[in-house]
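Participant: One structure, pasted below without further comment.
The values are calculated or read from the model by the stated rules, or taken from the named source; none is laboratory data. Just so you know, these numbers come straight off a predicted model, no measurement behind them. Cβ sites come from the backbone with ideal geometry, for glycine too, and all protein chains shown count toward neighbours.
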Amino acid sequence: MRTYEDSYRHKGLRKQLVELLRTKGITDERVLAAINNIPRHYFLDSAFDKVAYEDRAFPIEADQTISQPYTVAYQTQLLDLRTFEKVLEIGTGSGYQSMVLAEMQVQVFTIERQKKLFEVHKKFELRKRYPGIKYFYGDGYEGLPTYGPFDKVIVTAAAPYIPPKLIEQLKPGGKMVIPVGAGDIQRMKRLTKKSDGSVQEELFENFSFVPMLDGKNG
Ligand code: SAH
């Protein structure tokens, strides 16, 4: 069961989380403000209420996870977002990352491959606060060809390789932030598509995501 009440205690815990993220190297104030504005405990069963503002990943429905706040902040910061950009997210999961993006005044398109998560999320209370987010049930390896090209792409599952269709759907000058690796640990990469179509790659820290799987489920 979930409860939707944002108390002073929750707000205080959230401020502490934001300060922790600052000490861990998150400097983009818009990212920190987004995290400060979103009641993360709404995304978890009320049994987890006390730990919702620890910097940890948590289990959600269908054996999936809500990413660790540091990971969400880190990927969002690497996206280098500008207002009104079109952003494609692979792996809606709990919807937390999508709402962080929406707080940053960008147009969010998000894809989830698990039918159950996609359906459960439709009833989520916080969705009303972000009516602009567009949710899709589908396979992230395919992207969203009819809605692209995108300024930014964020992949929130471990990709064994860089999906070529996601590169195709990036605008020239566009960026993709993606954890790449087939094992337990992945390397965060930022790819920038040049105007001649070539791709420049930057390497960042290691992370551990649930795998990006093939095809739809459900
Ligand atoms: N962004 C999420 C993180 C969820 S974990 C959040 O903020 O909570 C990763 C999610 O990616 C899972 O929900 C998983 O089902 C989904 N996923 C895995 N492979 C996928 C694919 N090929 N296409 C779309 N979603 C996928």
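Participant: Before we move on, is Ile26 under 17 Å from the mean Cα position of the chain (by Cα) and part of a loop (DSSP other than H, G, I, E, B)?
Facilitator: So Ile26 fits the description; yes.
Participant: Restricting the search to the range 190-218, which residues are touching a Pro at 6+ places or on another chain (Cβ under 9 Å) and more than 16 Å from the ligand (Cβ to nearest atom)?
Facilitator: Of everything in the range 190-218, those that are touching a Pro at 6+ places or on another chain (Cβ under 9 Å) and more than 16 Å from the ligand (Cβ to nearest atom) turn out to be Lys193, Lys194, Ser195, Asp196, Gly197, Asn206.
Participant: Can we say Gly215 is within 26 Å of Gly25 (Cβ to Cβ), at pLDDT below 95 and part of a loop (DSSP other than H, G, I, E, B)?
Facilitator: For Gly215, the condition - within 26 Å of Gly25 (Cβ to Cβ), at pLDDT below 95 and part of a loop (DSSP other than H, G, I, E, B) - is not met.
Participant: Working only within the range 16-73, note down all residues that are at pLDDT below 95, touching a strand residue (DSSP E or B) at 6+ places or on another chain (Cβ under 7 Å) and of a type in the set (Val, Ile, Thr).
Facilitator: Ile60, Thr65, Ile66
Participant: Can you tell me which of (1) buried (at least 20 other Cβ atoms within 10 Å of the Cβ); (2) more than 12 Å from the ligand (Cβ to nearest atom) is the one Ile154 doesn't meet?
Facilitator: The one condition Ile154 does not meet is (2).
Participant: Just name the residue that is surrounded by the most Cβ atoms within 10 Å (Cβ to Cβ) out of those in the range 175-194 that are over 17 Å from the mean Cα position of the chain (by Cα) and either closer than 23 Å to Tyr96 by Cα or at pLDDT 95 or above (or both).
Facilitator: Lys193
Participant: Name the pairs whose Cβ atoms lie under 7 Å apart, with the first residue in the range 131-152 and within 20 Å of Val177 (Cα to Cα), the second among the acidic types (Asp, Glu) and outside any strand (DSSP E or B), and 6 or more positions between them or separate chains?
Facilitator: Tyr141/Asp214; Asp151/Glu85; Lys152/Glu85
Participant: Give the number of residues within the range 78-104 that are of a type outside the set (A, V, I, L, M, F, W, C), farther than 21 Å from Gln169 by Cα and either more than 8 Å from the ligand (Cβ to nearest atom) or out of contact with any Leu (no Cβ under 7 Å at 6 or more places or on another chain) (or both).
Facilitator: Of the residues in that region, 4 qualify.
Participant: Go through the range 56-82 and give me each residue that's in a loop (DSSP other than H, G, I, E, B), in contact (Cβ under 8 Å) with a residue 24 or more places away in the chain and either within 15 Å of the chain's Cα centre (by Cα) or buried (at least 21 other Cβ atoms within 10 Å of the Cβ) (or both).
Facilitator: Ile60, Gln64, Ser67, Asp80, Leu81, listed by residue number.
Participant: Next question. Can you spot a residue in the range 123-140 that is of a type in the set (Phe, Trp, Tyr), within 30 Å of Thr3 (Cβ to Cβ) and within 10 Å of the ligand (Cβ to nearest atom)?
Facilitator: yes
Participant: Right, another one. Condition test on Tyr53, is it of a type in the set (Ser, Thr, Tyr) and in a helix (DSSP H, G or I)?
Facilitator: In short, no.
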